[in-house]
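Student: Following this message is one structure expressed as structure tokens.
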Amino acid sequence: MEKLAASLPLVIHSPNGQLEITSEGSEALSNIKSSISVISMTGPYRTGKSFALNSILGIQGSTFGVGNDVRAFTQGIWMFIEPLSDKTLIYLDIEGFGSTSRSSKDDAKIFALAVLLSSLVIYNSKGVIDEGSINQLVLALYFIECLNLKSASDDTEKLTPNFIWILRDFVLSLEDENGNPITSKMYLERVLREQIKGRSAENIQVGRQLIGQTFENRDCYVLPRPVDSENMLQNMDEIPFNELKEEFKEGIIKIREAIRRSNVKKVKGRSIKGKDLLRLLENYVKFINDGNIPPVPNTWDFIVQREYEEITAHSMLEYQKAKQDIIKQIPIEEQMIKLFIKGQKDIAEGRILGCHLRHEKYMYNALQELMKFYEDELKEILKQNLNSSLNYNLDIIYSLFNPVFQKIELNEYKMNIDVLEADWTYAMDQYEIQARGPGKFIAIAEFSKRNQNSPCARLLGTIFEEMRNQLSQMKIQELFFEQHLRNAEGHKNSKSIIELRSELALNRYRMSQFNEIVKNIQKKVLRQLLEKLNQGEEELDVKMTIESVAMNRQCECAIF
């Protein structure tokens, strides 16, 4: 995220009196990928808030617009983004309290947003801390009192952003009643804890307690007038920072350092990013427009839930894009599809587990949803692949074997079985090369079924069926040896281990030689069966013939 060249509006007042988030503000927040610290500058209007922010940023001119008359210049909330190495600072210039164009309720709404969104609230006012400035602050805080900031319930988030009170144009000496010097922070604490007397004392005391409860980590800085000349005060945005009063510059530098040290924005103990802040803002604006202020935990849970839902939806969308590549390749071996689905599932689970807004419940729900989604997708693609493989391989069978069958029916091989054997073997070899996917054997069976009246088709189907059966038995046998070998190794039975390893090695060797052995047996079976076929025998026991041929082989007989 690059530093904005100028501020931009984030929240504005719509013509119907509602708060509205701007599109440019939404886009800018969405692009912030790092942790954030949100600094809100608020306070009464015409107290120099925007100028103070410009000075803090160290930018001459009007990054935040500066007015020079009695009208409130800042409308709504304006934003400036400053990336640092470890986080991104988001400065919010909040419309000032008390302007003639807004009601006190409008002021409270805007200030409520500042408190809800910020990790640091800067309250800017002029002169000493008096009852008027306190009342303006308390009025806004009462608007968000329903947040139950001091609730002891485990379900309620304690919302306490840091707080800095800037006292502008401060001219009094910071001393206690005995004339001893005190710091500006001590001055703030003394005011908040001062015992009030009179008819409204109780209400005033409650208001000050509310400030202390809302902003537990607070500080105060005093700033003198930046310049003495009244004419210069009318054009503050044109005066270079180095020409301002030294005391003012020193105060601004201290505030700038405090801002740099400000904590990242957290909700329920987790740091958030730009898009998370945007979602919070969207929900707060909605609730405020509806006349409510949302409890933070409920809003945050909704935000977290949406985050996991978005990650899930994004993973499914990315999967659908990647799926198109695998669909174009089918028919393929089932293992390739399973590996593809597993890879996509691992990527999606990685996104869920890596979500920076970690929440066990929503994480579990998202993982369960993804698991079902990928299981259903696997079943669907495997089914599609099988059907595609069946049709694809049937076309190959017809193209390879129909010419051979036609020659057999025309008796072209009657006097030359060697040629028939060569043509048949070539067709079989080509099918082994060209056939794709899990429908390899099923296609042969389907072909044989569709051509039941053809002895050659039945021959082809039976040969492949026996090949599949024997290969399946060998695989089962291998699993059997492996299981017994693991058991023997567990009991450290040396004799059994040696025997089982020998059997397993032999079985694997036979499997590696399977295709070659099948070819040799197939040639002999084919010769015998075609001789019978030429003799007019239509009912052929192919299985018995295969077994008979296999029994006559010394090295391959164990396979069958």
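The values are calculated or read from the model by the stated rules, or taken from the named source; none is laboratory data. No experiment lies behind these values; they were computed from the predicted model shown. Neighbour counts are summed over all protein chains in view; Cβ atoms, including those assigned to glycine, are modelled from backbone coordinates with ideal geometry. Please note that ligands, DNA and RNA were not included when accessible areas were found on the heavy atoms of the full protein model with its side chains. Shrake-Rupley method; radii C 1.70, N 1.55, O 1.52, S 1.80 Å.
Student: Determine the order of Tyr392, Tyr426, Tyr123 by accessible area, beginning with the largest, at a probe radius of 1.4 Å.
Tutor: Numbers: Tyr392 80, Tyr426 135, Tyr123 0 Å².
Most to least solvent-accessible, the answer reads Tyr426, Tyr392, Tyr123.
Student: Net charge around Ile397, counting only other residues with Cβ within less than 13 Å of its Cβ (Lys, Arg = +1; Asp, Glu = -1)? Display every interim value, and only then the final one.
Tutor: Values: positive: Arg436, Lys440, Lys449, Arg450; negative: Asp395, Glu432, Glu446.
With Lys, Arg at +1 and Asp, Glu at -1, the net is +1.
Student: With every protein chain present, what is the per residue accessible area of the stretch 350-411 (1.4 Å probe, Å²)?
Tutor: Values: 3500 Å² over 62 residues.
Heavy-atom SASA per residue in the stretch 350-411 reads 56 Å².
Student: Using only the heavy atoms of the protein chains and a 1.4 Å probe, how would Glu432, Glu421, Glu194, Glu238 rank by accessible area, largest first?
Tutor: Working: Glu432 65, Glu421 35, Glu194 90, Glu238 125 Å².
Output order, biggest surface exposure first: Glu238, Glu194, Glu432, Glu421.
Student: To the nearest 10 square angstrom, how much accessible area does Val227 have with a 1.4 angstrom probe?
Tutor: Spelled out: Val227, probe radius 1.4 Å, area about 10 Å².
Student: Got a number for the accessible area of Ile327? Probe 1.4 Å, square angstrom, nearest 10.
Tutor: Rounded to the nearest 10, that gives 40 Å².
Student: OK, next. Too long at a 18 Å Cα-Cα cut-off: which of Lys49/Lys126; Lys185/Lys268; Lys87/Lys109? Show your work: numbers first, answer last.
Tutor: Numbers: Lys49/Lys126 10 Å; Lys185/Lys268 28 Å; Lys87/Lys109 28 Å.
Table pairs above 18 Å Cα-Cα are Lys185/Lys268; Lys87/Lys109.
Student: Going from most exposed to least, what order do Arg279, Arg486, Arg358 have by accessible area with a 1.4 Å probe? Before the final figure, lay out the partial values.
Tutor: Working: Arg279 15, Arg486 130, Arg358 95 Å².
Putting Arg279, Arg486, Arg358 in descending order of accessible area: Arg486, Arg358, Arg279.
Student: A further question on this structure: Taking 0.36 nm per intervening residue step and subtracting the Cα-Cα distance, what contour gain separates Leu339 from Asn31 on full extension?
Tutor: Numbers: separation 308, 0.36 × 308 = 110.88 nm, distance 3.40 nm.
Between Leu339 and Asn31, full extension yields an extra 107.5 nm.
Student: Moving on. For labels at Asp325 and Thr183 in the simple 7 Å Cα→Cβ model, what's the distance in nm?
Tutor: 5.9
Student: For Ala505 and Gln434, what does the FRET efficiency come to when R0 = 35 Å and r is the distance between their Cβ atoms, rounded to the nearest 0.05?
Tutor: Numbers: r = 32 Å, r/R0 = 0.92.
Taking R0 as 35 Å, the efficiency between Ala505 and Gln434 is 0.60.
Student: Starting from the Cα of Asp346, step 7 Å along the direction of its Cβ; do the same at Asp376; then give the gap between the two resulting points in nm.
Tutor: It works out to 2.5 nm between the two label points.
Student: Additional query: Any chance you could look up the accessible area of Asp86 with a 1.4 Å probe, heavy atoms only, rounded to 10 Å²?
Tutor: My reading of the accessible area for Asp86 is about 110 Å².
Student: How charged is the neighbourhood of Lys323? Take every other residue with its Cβ under 15 Å from the Cβ of Lys323, and add Lys/Arg as +1 and Asp/Glu as -1. Don't jump to the answer; show the numbers that get you there.
Tutor: On the way: positive: Lys321, Lys328, Lys338, Lys342, Lys345, Lys379, Lys383; negative: Glu318, Asp325, Glu375, Asp376, Glu377, Glu380.
After counting each charged neighbour, the total is +1.
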